[in-house]
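Everything on this sheet refers to the single structure shown next.
The values are calculated or read from the model by the stated rules, or taken from the named source; none is laboratory data. What you see is a predicted model, and the numbers here were worked out from it, not measured in a lab. Positions of Cβ are generated from backbone atoms using ideal geometry, with glycine treated the same way; all protein chains shown enter the neighbour counts. Please note that ligands, DNA and RNA were not included when accessible areas were found on the heavy atoms of the full protein model with its side chains. Shrake-Rupley method; radii C 1.70, N 1.55, O 1.52, S 1.80 Å.
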Amino acid sequence: MDTTEQLRPNAAEQSSSPNESMHLLKSFVSTTPFVPGRRPFFKYRDLGLEGASGGRMRAYHSTAVKGMLEPTGWHYHTCEMQFVYVIKGRITLEFEDGTVATFGAGDSLFIPGGVIHNEIYASEDKETLEASVPGKIGTVNVERPEHLPPTLRAVSNE
(Lines give C-alpha, C1' and ligand atoms only; values in the text may rest on other atoms or scores of the structure.)
Protein backbone atom coordinates (compact mmCIF):
# COMPACT_ATOMS: atom_id res chain seq x y z
CA MET A 1 0.00 0.00 0.00
CA ASP A 2 1.21 3.52 -0.80
CA THR A 3 2.41 5.30 2.39
CA THR A 4 0.43 8.38 1.38
CA GLU A 5 -2.76 6.36 1.54
CA GLN A 6 -1.78 4.98 4.96
CA LEU A 7 -1.50 8.50 6.39
CA ARG A 8 -4.77 9.76 4.96
CA PRO A 9 -7.75 9.24 7.34
CA ASN A 10 -10.80 7.57 5.91
CA ALA A 11 -14.11 9.43 5.54
CA ALA A 12 -15.47 8.12 8.85
CA GLU A 13 -12.40 9.36 10.73
CA GLN A 14 -12.59 12.76 9.02
CA SER A 15 -16.22 13.36 10.00
CA SER A 16 -15.48 12.96 13.71
CA SER A 17 -12.27 14.99 13.71
CA PRO A 18 -11.90 18.39 15.39
CA ASN A 19 -11.50 19.85 11.89
CA GLU A 20 -15.23 19.65 11.16
CA SER A 21 -15.47 23.44 11.08
CA MET A 22 -12.78 23.66 8.40
CA HIS A 23 -13.29 23.30 4.68
CA LEU A 24 -11.28 23.25 1.50
CA LEU A 25 -10.71 26.73 0.09
CA LYS A 26 -9.60 27.86 -3.34
CA SER A 27 -8.86 31.58 -3.25
CA PHE A 28 -8.45 33.34 -6.60
CA VAL A 29 -7.38 36.92 -7.27
CA SER A 30 -10.53 37.45 -9.36
CA THR A 31 -12.80 36.69 -6.37
CA THR A 32 -10.78 38.30 -3.56
CA PRO A 33 -10.39 41.98 -4.46
CA PHE A 34 -8.24 44.48 -2.59
CA VAL A 35 -10.19 46.71 -0.19
CA PRO A 36 -9.31 49.46 2.30
CA GLY A 37 -8.38 48.17 5.74
CA ARG A 38 -7.14 49.11 9.18
CA ARG A 39 -4.25 51.21 7.84
CA PRO A 40 -5.26 53.91 5.29
CA PHE A 41 -1.94 53.69 3.42
CA PHE A 42 -2.42 49.95 2.66
CA LYS A 43 -5.07 47.95 0.84
CA TYR A 44 -5.84 44.38 1.79
CA ARG A 45 -6.99 41.17 0.10
CA ASP A 46 -8.68 38.78 2.54
CA LEU A 47 -7.63 35.31 1.37
CA GLY A 48 -10.61 33.64 3.09
CA LEU A 49 -8.71 31.55 5.63
CA GLU A 50 -10.67 32.78 8.61
CA GLY A 51 -13.86 31.23 7.23
CA ALA A 52 -12.16 28.14 5.80
CA SER A 53 -10.30 27.41 9.06
CA GLY A 54 -13.31 27.87 11.32
CA GLY A 55 -11.72 31.02 12.75
CA ARG A 56 -8.41 29.32 13.58
CA MET A 57 -6.34 31.66 11.38
CA ARG A 58 -6.51 34.46 8.85
CA ALA A 59 -4.33 35.58 5.96
CA TYR A 60 -4.14 38.85 4.05
CA HIS A 61 -2.22 39.95 1.00
CA SER A 62 -1.54 43.67 1.36
CA THR A 63 0.04 46.35 -0.78
CA ALA A 64 0.84 50.00 -0.24
CA VAL A 65 -1.59 52.59 -1.56
CA LYS A 66 1.18 55.14 -1.04
CA GLY A 67 4.32 55.27 1.05
CA MET A 68 3.81 55.38 4.78
CA LEU A 69 3.69 58.99 5.95
CA GLU A 70 3.90 58.34 9.68
CA PRO A 71 4.59 55.39 12.00
CA THR A 72 1.71 53.20 13.15
CA GLY A 73 2.59 53.90 16.77
CA TRP A 74 3.65 51.40 19.39
CA HIS A 75 1.14 48.59 19.77
CA TYR A 76 0.68 44.87 20.25
CA HIS A 77 -1.84 42.39 18.95
CA THR A 78 -4.18 40.22 20.99
CA CYS A 79 -3.51 36.95 19.20
CA GLU A 80 -1.35 33.86 19.53
CA MET A 81 0.97 34.78 16.68
CA GLN A 82 1.45 36.81 13.54
CA PHE A 83 3.65 35.99 10.52
CA VAL A 84 4.60 38.47 7.79
CA TYR A 85 6.37 37.57 4.54
CA VAL A 86 7.65 40.43 2.36
CA ILE A 87 6.93 39.83 -1.33
CA LYS A 88 8.12 43.20 -2.61
CA GLY A 89 9.41 46.51 -1.28
CA ARG A 90 10.58 47.22 2.26
CA ILE A 91 9.14 47.60 5.74
CA THR A 92 10.88 48.74 8.91
CA LEU A 93 9.70 47.92 12.41
CA GLU A 94 10.91 48.74 15.91
CA PHE A 95 10.57 46.09 18.61
CA GLU A 96 10.34 46.07 22.39
CA ASP A 97 13.58 44.03 22.53
CA GLY A 98 15.50 47.20 21.57
CA THR A 99 15.98 46.40 17.89
CA VAL A 100 14.87 48.02 14.67
CA ALA A 101 14.77 45.87 11.53
CA THR A 102 14.27 46.51 7.84
CA PHE A 103 12.77 43.65 5.85
CA GLY A 104 12.93 43.34 2.06
CA ALA A 105 11.65 40.91 -0.54
CA GLY A 106 12.04 37.34 0.68
CA ASP A 107 12.43 38.33 4.35
CA SER A 108 9.88 37.41 7.01
CA LEU A 109 9.08 38.04 10.63
CA PHE A 110 7.22 36.09 13.28
CA ILE A 111 5.69 38.09 16.12
CA PRO A 112 4.22 36.21 19.08
CA GLY A 113 1.02 37.76 20.41
CA GLY A 114 1.63 40.53 22.93
CA VAL A 115 5.04 41.59 21.57
CA ILE A 116 5.12 45.39 21.38
CA HIS A 117 6.25 46.85 18.06
CA ASN A 118 5.97 49.94 15.86
CA GLU A 119 5.96 49.94 12.05
CA ILE A 120 7.91 53.04 11.08
CA TYR A 121 8.37 52.66 7.32
CA ALA A 122 6.79 50.98 4.32
CA SER A 123 7.94 51.67 0.77
CA GLU A 124 5.50 52.71 -1.94
CA ASP A 125 5.89 49.28 -3.55
CA LYS A 126 5.42 47.34 -0.28
CA GLU A 127 3.67 44.00 -0.76
CA THR A 128 3.31 41.43 2.04
CA LEU A 129 1.51 38.26 3.01
CA GLU A 130 0.34 38.30 6.62
CA ALA A 131 -1.07 35.36 8.56
CA SER A 132 -2.26 35.29 12.16
CA VAL A 133 -3.65 32.82 14.66
CA PRO A 134 -6.47 32.96 15.56
CA GLY A 135 -8.52 34.59 12.82
CA LYS A 136 -9.83 37.41 15.00
CA ILE A 137 -7.11 39.61 16.46
CA GLY A 138 -7.16 42.97 18.14
CA THR A 139 -4.69 45.84 18.33
CA VAL A 140 -3.84 47.56 21.59
CA ASN A 141 -2.04 50.91 21.31
CA VAL A 142 0.59 51.55 23.98
CA GLU A 143 3.30 54.05 24.83
CA ARG A 144 6.89 53.47 23.71
CA PRO A 145 8.38 51.04 26.25
CA GLU A 146 10.28 53.05 28.88
CA HIS A 147 13.23 50.63 29.01
CA LEU A 148 14.20 51.30 25.38
CA PRO A 149 17.31 53.37 24.65
CA PRO A 150 16.90 56.50 22.50
CA THR A 151 18.52 54.71 19.53
CA LEU A 152 17.58 51.11 18.83
CA ARG A 153 20.05 48.47 17.58
CA ALA A 154 19.65 47.86 13.84
CA VAL A 155 19.33 44.26 12.65
CA SER A 156 18.87 43.45 8.96
CA ASN A 157 20.47 41.96 5.85
CA GLU A 158 22.17 45.24 5.01
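Filtered by the rule that a residue be among the aliphatic types (A, V, I, L, M) and out of contact with any strand residue (DSSP E or B) (no Cβ under 8 Å at 6 or more places or on another chain), region 38-59 gives a lone residue, A52. Which residue pairs have Cβ atoms closer than 9 Å, lie 6 or more positions apart in sequence or on different chains, and pair a first residue in region 83-99 that is without any contact (Cβ under 8 Å) to a residue 12 or more places away in the chain with a second residue that is open to solvent by less than 10 Å² (accessible area, probe 1.4 Å)? Filtered contacts from region 83-99: no entries.
When the residues of region 47-92 are filtered to those that are acidic (D, E) and assigned to a loop (DSSP other than H, G, I, E, B), the one that is nearest to L109 (Cα to Cα) is E80. Out of M81, M57, M68, one residue alone is in contact with a helix residue (DSSP H, G or I) (Cβ under 6 Å, 6 or more places away or on another chain) and surrounded by 16 or more Cβ atoms within 10 Å (Cβ to Cβ). It is M57. Scanning region 21-79 for residues that are without any contact (Cβ under 8 Å) to a residue 24 or more places away in the chain and in contact with a His (Cβ under 7 Å, 6 or more places away or on another chain) yields R45, L47. Of the residues making up region 84-102, those that are within 15 Å of E119 (Cβ to Cβ), open to solvent by 20 Å² or more (accessible area, probe 1.4 Å) and not aromatic (F, W, Y) number 5.
Screening E143 with (1) over 15 Å from the mean Cα position of the chain (by Cα); (2) assigned to a strand (DSSP E or B); (3) of a type outside the set (A, V, I, L, M, F, W, C) gives one miss only, at (2). Of the residues making up region 104-133, just one is in contact (Cβ under 8 Å) with a residue 60 or more places away in the chain, open to solvent by less than 40 Å² (accessible area, probe 1.4 Å) and either in a loop (DSSP other than H, G, I, E, B) or at positive phi (or both), namely K126.
When K26 is tested against (1) loosely packed, with under 10 Cβ neighbours inside 10 Å; (2) at pLDDT below 60, only condition (2) is not met.
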